[in-house]
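The values are calculated or read from the model by the stated rules, or taken from the named source; none is laboratory data. Nothing here was measured: the structure is a model prediction, and the numbers come from that model. Ideal geometry is used to build each Cβ from the backbone, glycine not excepted, and the neighbour counts take in all protein chains shown. We work out accessible area using only protein heavy atoms, side chains counted, and drop any ligands, DNA or RNA first. Shrake-Rupley method; radii C 1.70, N 1.55, O 1.52, S 1.80 Å.
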Amino acid sequence: MNKRLTRRWSMFMVLMFGMLLLTACGTKYAALPINEDVDICAICKMQVKDDAYATQLTTKDGQNYKFDDIGCMNQWKTQNGTDNIGMDYVRDYNDKEWIEYSKATYVYDASLRTPMAYGILNFKDKASAEAFVAEQGVGTVMTAEDLASHDWKQNTENMDMMGEHGHDEGHGDQAESEGTHQEGEMKEESGH
């Protein structure tokens, strides 16, 4: 029995050493799931909803930070720099699939409601972003490089309309009053 335990312990140590070696040689990053019960935005401290506005980044040392709005993630990058970021992610507006920040296409318009009123939506490709702009009649299609020189101002009118609990109330109000794409999203959310 002692030999078995020793053998298992040895196998465990070999596996751990191998994992450590693999991690040191080429770190793989992956977006983590959103847990609405515990995830709060690293900047504004609001709840991170499991929706199309959630973003996140993982530092090279393995720390994961989640944000309720891409503008909050930008604020974190401004405060902390980008040299230590291993990978950053946004979610596709249409299907909530995680996309690498640098590979996504963005739509900006001050009138677009987002949790912290930055007015930026994320799309997995340019065609989806252009289709959204054509359908809604508003918005400018942007790349991650374009966002580097974006002014990142919040639309204070949208913030005022969202009220104290904008994350809970703000998403549906625009969808209902303006008939935007968010209407379909709200129907999906109500089924949860």
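Of all residues in region 39-51, how many are open to solvent by less than 60 Å² (accessible area, probe 1.4 Å) and free of Cβ contacts under 8 Å to residues at least 24 places away in the same chain?
Of the residues in that region, 1 qualify.
Could you check, for region 109-132, whether at least one of its residues is over 24 Å from residue 153 (Cβ atoms) and of a type in the set (S, T, N, Q)?
Yes, region 109-132 contains a residue that is over 24 Å from residue 153 (Cβ atoms) and of a type in the set (S, T, N, Q).
Which pairs turn up if I take residues in region 52-77 that are open to solvent by 10 Å² or more (accessible area, probe 1.4 Å) and look for partners that are aromatic (Phe, Trp, Tyr) with beta carbon separation below 6 Å, at least 6 apart in sequence or on another chain?
Close Cβ pairs (under 6 Å, with a partner that is aromatic (Phe, Trp, Tyr)) amount to 58/29; 74/152.
Residues in region 42-71 that are farther than 22 Å from residue 95 by Cβ and hydrophobic (A, V, I, L, M, F, W, C): how many?
Qualifying residue count for the region: 4.
Can you spot a residue in region 59-82 that is in a loop (DSSP other than H, G, I, E, B), closer than 24 Å to residue 156 by Cα and touching a His at 6+ places or on another chain (Cβ under 9 Å)? Walk me through how you get there before you give the answer.
Quick first cut of region 59-82, residues in a loop (DSSP other than H, G, I, E, B) only: 60-63, 68-69, 81-82.
Then keep just the ones that are closer than 24 Å to residue 156 by Cα; that gives 68-69.
Still in the running and touching a His at 6+ places or on another chain (Cβ under 9 Å): 68.
Yes.
For residue 30, all conditions in the list (1) within 13 Å of the chain's Cα centre (by Cα); (2) at pLDDT 95 or above; (3) in a loop (DSSP other than H, G, I, E, B) hold save one; what is the number of the exception?
(2)
Working carefully through the options 126, 153, find the one that is over 17 Å from the mean Cα position of the chain (by Cα), modelled with pLDDT of 95 or more, open to solvent by 80 Å² or more (accessible area, probe 1.4 Å) and not hydroxyl-bearing (Ser, Thr, Tyr). Explain how you work it out, then say what you get.
On the way: 153 fails: modelled with pLDDT of 95 or more.
None of the others qualify; the one that does is 126.
What are the residues in region 83-115 that are assigned to a loop (DSSP other than H, G, I, E, B) and either among the basic types (Lys, Arg) or closer than 28 Å to residue 61 by Cα (or both), if any?
Step one: of region 83-115, the residues assigned to a loop (DSSP other than H, G, I, E, B) are 83-84, 92-97, 104, 109-115.
The answer is 83, 84, 92, 96, 97, 104, 113.
Determine which member of the set 105, 82 is open to solvent by 20 Å² or more (accessible area, probe 1.4 Å) and polar (S, T, N, Q). It would help to see each step written out before you state the result.
Working: 105 fails: open to solvent by 20 Å² or more (accessible area, probe 1.4 Å).
None of the others qualify; the one that does is 82.
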